[in-house]
Number of protein chains: 4
Amino acid sequence: MKILLLGDIVGRSGREAVVEKLPAIRERLALDFVVANGENAAGGFGITEKIMAELLRAGVDVVTTGNHVWDQKETAGFIDRTPRLLRPENFPKDTPGKGFGIYEAPGNRKVLVANLMGRLFMDALDDPFAAGEAILAQTGLGRGADAVLFDFHAEATSEKMAFGHVFDGRVSAVVGTHTHVPTADTMLLSGRTAYQTDLGMCGDYDSVIGMQKTLPVQRFIRKMPTDRLTAAEGPATVSGIFVETDDDTGLARRAAPLRVGGKLAESWP
Amino acid sequence: MKILLLGDIVGRSGREAVVEKLPAIRERLALDFVVANGENAAGGFGITEKIMAELLRAGVDVVTTGNHVWDQKETAGFIDRTPRLLRPENFPKDTPGKGFGIYEAPGNRKVLVANLMGRLFMDALDDPFAAGEAILAQTGLGRGADAVLFDFHAEATSEKMAFGHVFDGRVSAVVGTHTHVPTADTMLLSGRTAYQTDLGMCGDYDSVIGMQKTLPVQRFIRKMPTDRLTAAEGPATVSGIFVETDDDTGLARRAAPLRVGGKLAESWP
Amino acid sequence: MKILLLGDIVGRSGREAVVEKLPAIRERLALDFVVANGENAAGGFGITEKIMAELLRAGVDVVTTGNHVWDQKETAGFIDRTPRLLRPENFPKDTPGKGFGIYEAPGNRKVLVANLMGRLFMDALDDPFAAGEAILAQTGLGRGADAVLFDFHAEATSEKMAFGHVFDGRVSAVVGTHTHVPTADTMLLSGRTAYQTDLGMCGDYDSVIGMQKTLPVQRFIRKMPTDRLTAAEGPATVSGIFVETDDDTGLARRAAPLRVGGKLAESWP
Amino acid sequence: MKILLLGDIVGRSGREAVVEKLPAIRERLALDFVVANGENAAGGFGITEKIMAELLRAGVDVVTTGNHVWDQKETAGFIDRTPRLLRPENFPKDTPGKGFGIYEAPGNRKVLVANLMGRLFMDALDDPFAAGEAILAQTGLGRGADAVLFDFHAEATSEKMAFGHVFDGRVSAVVGTHTHVPTADTMLLSGRTAYQTDLGMCGDYDSVIGMQKTLPVQRFIRKMPTDRLTAAEGPATVSGIFVETDDDTGLARRAAPLRVGGKLAESWP
Ligand SMILES: [Fe+2]
Ligand SMILES: [Fe+2]
Ligand SMILES: [Fe+2]
Ligand SMILES: [Fe+2]
Ligand SMILES: [Fe+2]
Ligand SMILES: [Fe+2]
Ligand SMILES: [Fe+2]
Ligand SMILES: [Fe+2]
């Protein structure tokens, strides 16, 4: 199966780049399935129902999120009727929404997508490693899923690499999101799980992680409150990873970065 | 000037890769100056005087460090007689060693190298932005230096990007170190400062940030103390950034990643 | 029932003060049950089997712990045969030991003691609020227990006060441990749960949280590694809270601090 | 000199308690000087010019603050014309306001009040220990000041005790603020500096650190955003420490807690 996973979509610039470019990317790479992290799609903060619909129309199959999932007040209200929108699985019980789902891909194939969140340098949550194990205790490659994709939304490279190795050989891909900067360590782990520490953002890289520079810089230097941050408005880079899986095993055959548009050097799989 | 900056050298594997490959890289890229971060060179923890000498012999001109600088007991003893070894400038006053220096490059050119450390998700230190300003108040491009290189040893992508923008147009390069994973955002900022959020490590990427996997994974999952971590021993990738500066302005003309050997895809400038 | 709960016993000084003074305190206050936090009993770091036995002989009924529970290598080996030694319940599944137990008190009464650990400014763990609820789903006041005592080992006053209110009216006492400084907010919450944000330490207060001052001070000022900290050796204050429960409801009738010996002003219930 | 230092005043309830009770306390204790931390005086968040005036009228001589100092937009505008309002000294250079001042007390005596902020588990700032030293390099006991009072606004008990010991024998008192819970470790350190790890809050203790309980509890349990917190409205306890200094040396003769009103047990020096 040919799969694309995109990093955090940030603001209008990131959204427009995805909406505009994804159809051509889908065609050029003959994609079967697309996942994108949408936690910053609404002006940098969360996601609305309207934006969710827009992303689905543009060819995204599943939208994952992270710590910003509830930034828009409406999200807790519509997430339960939006099965293609995930929030981290290891949120407290009774959290609206769900953390994983099994979705149809062409050729009657099934894709399990799970969204988990790290804890190092992040808010306190239940163990994401245990949550990943609990998902795989229910289903997995050859047990209801032809591909298994884990979006591990986390800050620390150590926790992300550890997460990759723990699930290596049991899922098709473990990709990190959240830092908004793509890493250059795209690889197949030894068990043939595709891995990249962070997918980076679909956003304007002439910024501070997608936000206009002035206020974030002030926060670091002056240590006084500022106005609310606003998303940078320059041209966005669409940033993610292409993974080709083996339909027999569900494991990865190949992984390669995709970066198109904006400030970053273009890279095609 | 043609400059190479290398990320954190981790353990024997990282060290041997640098020692073995750097001479050929120096020649192939016609390098004038090489900086490497050595804070993990001694088995993953700090640096010894012997290793320092080994790196200089291999063609490194200046070694920067970070939070691991004092992991080896001997380092505080020899750093003051080792002008090519830097520790973060924004450590407390009276800390042994120094945080920046001006070094000779071929053609009677001068290179200012400074080592600063971030604070977000890291131990408390004095303001690195102010420390960078204080250095540039004394010297800089056209004022004693033909190139100015800032190694910003920091965890958070936001602090690193902010740091880049603050010094953009005033230094030749701002490069991040510390996360041990290279980022794929090599670029010239708008003021022609070369920038990459993290250089990654010179180390074995089949690991958890350069360490053998078992114990770090256990720490995340079991939350019990483990034995001391040991550096991974597989083949290392030499990872860094090539920067070409304009000798008139000292600003960057070009920046491109270098990644050679080990698990990561090879990349030459 | 008349109950005493003691804060973290730190090092030899704290241990000796408890061993020496507890028998007389037990008698003077006509105590039915004594809980003490022993996570720092062994030189400031963890607890040994020998020290555990010593504390039981001195009249402690149950020893709770916290983040330092595994500081001594032997502890994971003996905890499973030591039912009166608890570790935080919200540690990962498969952690040695257990987080709560029901113990005999005079007059055929039962005391449930539970040990939970907070997350704010601490290492990542599963939700202690949910863990407390899970315990109370199995047993509780009038359902197998005549008194219920929660030792909430946590850093932040906000998390501790929130924890108290969540379990108010359902347990006899919620007491905080970990900061090594007693708080002066001993009170009955509105549902008649006894509460104190922190019990303080049984240790030498002429110190930095029980440790000899020089090295901790150096760590704050110099930001360089130091030798291992050692427990302060001056006379210790035995510090805790006295709680009298109503045998009909198991809720608290009265709560008052106990502080005896050492640098702090003496306080008897 | 007879001095009272009060902890963080939280919201209307805390403010009204101070305004109502301070005149009688001043008289009963024959106070010469009163310091109060006002960082939460305006509904729990910051301080306004009007509230500042109200506190001065009630008999507060100097108002210190902390991390919440800028919560009200107007504060940065009026602080420079309000010499009796301090913000932490170790904020970045160019921060509005100042971190210490020398004030008149009856009998032509001078009181140096300084406000410093800790770093452990708090936002990154420059070294408060160095900032304290820098103040004492300019002035101090017998060098322009008859009493020296340090309000160390910090989270961690370890950093606070270390701070006390570092300045022991050189200042009249080191008192902690910020956690909103008073500690029961009022003492004279060995050099006769009065010390208390935290003064607690002047606020309603039937709360989560002064805030109405429901939303803070939800934040810990549900991990979803809530409405803005509001200050608890029940009767407040006025909480602080009484320090009597020796006019010859400026050091402390006696220190004792003051707690009046509200939920906490009353305590008079
Ligand atoms: Fe994001
Ligand atoms: Fe995020
Ligand atoms: Fe490193
Ligand atoms: Fe580092
Ligand atoms: Fe402790
Ligand atoms: Fe602890
Ligand atoms: Fe406060
Ligand atoms: Fe505060």
Next item on the list: For residues that are surrounded by fewer than 20 Cβ atoms within 10 Å (Cβ to Cβ) and not in a loop (DSSP other than H, G, I, E, B), scanning just the range B:218-230, find the one that is farthest from the chain's Cα centre (by Cα).
Entry: B:R222
Note to self: Could you tell me how many of the residues in the range B:145-174 are within 16 Å of ligand 4 (Cβ to nearest atom) and within 13 Å of another protein chain (Cβ to nearest Cβ)?
What the structure shows: 8
Checklist line | Residues (more than 10 Å from chain C (Cβ to nearest Cβ) and closer than 21 Å to D:D123 by Cβ) located in the range D:176-198 | finding: D:T177
Note to self: Of everything in the range C:199-213, what is of a type in the set (G, A, S) and facing chain D (nearest Cβ under 8 Å)? Give them in sequence order.
What the structure shows: C:G200, C:S207
Checklist line | Flag if B:T249 is more than 12 Å from chain A (Cβ to nearest Cβ), closer than 24 Å to B:R26 by Cα and surrounded by fewer than 24 Cβ atoms within 10 Å (Cβ to Cβ) | finding: yes
Next item on the list: List the helices (runs of 4 or more DSSP H) that sit entirely inside the range C:75-194 and contain at least 2 residues that are hydroxyl-bearing (S, T, Y) and out of contact with any Asp or Glu (no Cβ under 7 Å at 6 or more places or on another chain).
Entry: C:157-167
Margin query: Step by step: first the residues of the range B:95-148, then only those that are in contact with a Leu (Cβ under 9 Å, 6 or more places away or on another chain) and of a type in the set (S, T, N, Q), then the one that is surrounded by the most Cβ atoms within 10 Å (Cβ to Cβ). Which residue is that?
Written below: B:N115
Checklist line | Residue count for the range C:1-46, restricted to those that are within 11 Å of ligand 5 (Cβ to nearest atom) and in a loop (DSSP other than H, G, I, E, B) | finding: 7
Checklist line | Hits in the range C:59-75 (condition: more than 13 Å from C:I9 (Cα to Cα), out of contact with any Gly (no Cβ under 8 Å at 6 or more places or on another chain) and either within 16 Å of ligand 3 (Cβ to nearest atom) or of a type outside the set (D, E, K, R) (or both)) | finding: C:G59, C:N67
Next item on the list: Answer yes if at least one residue in the range A:165-175 is surrounded by 24 or more Cβ atoms within 10 Å (Cβ to Cβ), of a type in the set (S, T, N, Q) and more than 22 Å from D:M224 (Cα to Cα), and no otherwise.
Entry: yes
Margin query: One residue is enough: does the range B:151-164 have a residue meeting the conditions touching a residue at least 60 places away in the same chain (Cβ under 8 Å) and within 18 Å of the chain's Cα centre (by Cα)?
Written below: yes
Note to self: From the list A:P257, A:P235, A:P216, A:P269, exactly one residue is of a type outside the set (A, V, I, L, M), within 9 Å of another protein chain (Cβ to nearest Cβ) and touching a residue at least 24 places away in the same chain (Cβ under 8 Å). Which is it?
What the structure shows: A:P257
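Just so you know, all these numbers are worked out from the coordinates, no wet-lab data involved. Since the model is a prediction, treat every value here as computed from it, not as a measurement. Neighbour counts are summed over all protein chains in view; Cβ atoms, including those assigned to glycine, are modelled from backbone coordinates with ideal geometry.
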